[in-house]
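For reference, the structure discussed in these notes is given below.
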Amino acid sequence: MSALELLSEHACFGGVQRFYQHDSREIGLPMRFSVYLPPQAGQENVPAVMYLAGLTCSEETFMIKAGAQRVAAELGLALIAPDTSPRGAGLTGETENWDFGAGAGFYLDATEAPWSKHYRMESYLTAELIPLVAQELAVDARRMGICGHSMGGHGALTLALRHRALFRSVSALAPICAPTQCPWGQKAFAGYLGPDTARWAAHDACALMGSHITAPYPEGILIDQGLADKFLSIQLNPDLFELACAKAGQALTLRRHEAYDHGYYFISTFIADHLAYHALRLV
């Protein structure tokens with residue numbers, strides 16, 4: 001009997017878009033995620049890109065707004081989009097702020113009470129969801145890339161650097177590159193990880209890149225950033241990650257785009273480039 005409960009299913013570009021729920025052992029609560037399976041998944045296990053969404057988003061946001069399925073069908077890529085946090089944990093303050101708690105899990109394992117009981121997004125994704133999807137669906141976990149936007153871009157970069165064996169490729173759109181140095185990250189890390197800022201560096205892409213003597217992704221990292229993004233200077237800091245990559249000898253393609261903001265019009269414009277980037281590295 002499958003561990004997955006199918007919530008809905010939709011034919012899409014010759015493949016199928018599905019939304020699932022399951023009981024998570026890592027989170028201790030039901031969790032939802034979405035998967036797009038391209039038509040090629042009817043014949044063989046296919047490579048996949050895990051997409052991590054940003055603050056306030058859910059497992060539905062990317063699949064509904066980004067227009068990624070058409071390109072994924074052409075490339076033979078599965079798309080996996082988890083929720084952005086546990087839901088319904090019943091913790092005081094869980095739903096009071098849009099940038100902390102529900103919808104804002106920051107893709108790490110909290111160490112501070114009361115968050116540490118359920119807010120275990122890193123372990124959930126790396127130790128539970130990827131193996132579960134590979135077991136239940138036509139997805140090849142040996143050919144997995146990771147991509148994300150904003151908070152999810154932070155998650156994509158940090159999880160790729162912390163779990164190099166799991167992810168063969170990594171890219172991000174408008175990521176939070178230095179969370180220890182911006183208000184969003186400082187608020188989340190103080191709540192989830194406590195006041196000891198030495199702990200925070202383990203979840204900061206710039207600090208993680210700085211700890212590498214050799215390039216962790218020799219085939220490169222791709223980042224797109226809109227220059228009309230209102231969060232660019234205060235929250236995102238791609239220049240700091242660019243500098244960290246240069247010091248580590250890590251090849252980075254950081255594309256800066258005039259007029260583009262932080263939202264899904266920006267994401268939908270450049271998502272095809274990101275999927276093609278991953279497809280080349282997941283052969």
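The values are calculated or read from the model by the stated rules, or taken from the named source; none is laboratory data. It should be emphasised that the depicted structure is a prediction, and the values quoted were computed from it without experimental measurement. Neighbour counts are summed over all protein chains in view; Cβ atoms, including those assigned to glycine, are modelled from backbone coordinates with ideal geometry. Ligands, DNA and RNA are stripped out before the accessible areas are found, and what is left, the full protein with its side chains, is counted by its heavy atoms. Shrake-Rupley method; radii C 1.70, N 1.55, O 1.52, S 1.80 Å.
Key figures for this structure:
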| item | result |
| --- | --- |
| Residue-span extension gain [A201 to T111] - 0.36 nm each, minus C-alpha spacing | 31.0 nm |
| The stretch 137-221 - charge dipole about Cα centre, Lys and Arg +1 at Cβ, Asp and Glu -1, debye rounded to 20 | 160 debye |
| Lys/Arg +1, Asp/Glu -1 at C-beta; the chain dipole; positive extreme among A11, A110, G155 | G155 |
| For the chain: accessible area per residue (Å², 1.4 Å) | 40 Å² |
| Surface share of carbon and sulfur [accessible, 1.4 angstrom probe, percent] for the stretch 102-198 | 50 percent |
| Residues listed by number, the stretch 24-47, amide nitrogen under 19 Å from R142 label point at 7 Å toward C-beta | 41-47 |
| Viscosity 0.692 mPa s, 37 °C: Kirkwood-radius Stokes-Einstein D of the stretch 1-124 over Cα pairs, µm²/s | 215 µm²/s |
| Structure-based [θ]222 nm, the chain - -39500 (n - 2.57) summed over DSSP H runs of at least 4, per residue, nearest 500 | -8000 deg cm²/dmol |
| Estimated inter-spin distance, R256 and T92, nm [label 7 Å along Cα→Cβ] | 4.6 nm |
| Accessible-area ranking of D109, D273, largest first, probe 1.4 Å | D273, D109 |
| Cut-off 20 Å (backbone N to label point 7 Å along Cα→Cβ of T269), residues of the stretch 198-239 | 222-239 |
| Whole-Å semi-axes of the ellipsoid equivalent to the stretch 1-58 (Cα gyration tensor, √5λ, descending) | 22, 15, 12 |
| Cα gyration tensor shape for the stretch 159-203, rounded if a/c is under 1.5, else prolate or oblate | oblate |
| Reference-scaled alpha-carbon Rg (2.2 N^0.38 Å with N residues) for the stretch 136-283 | 1.01 |
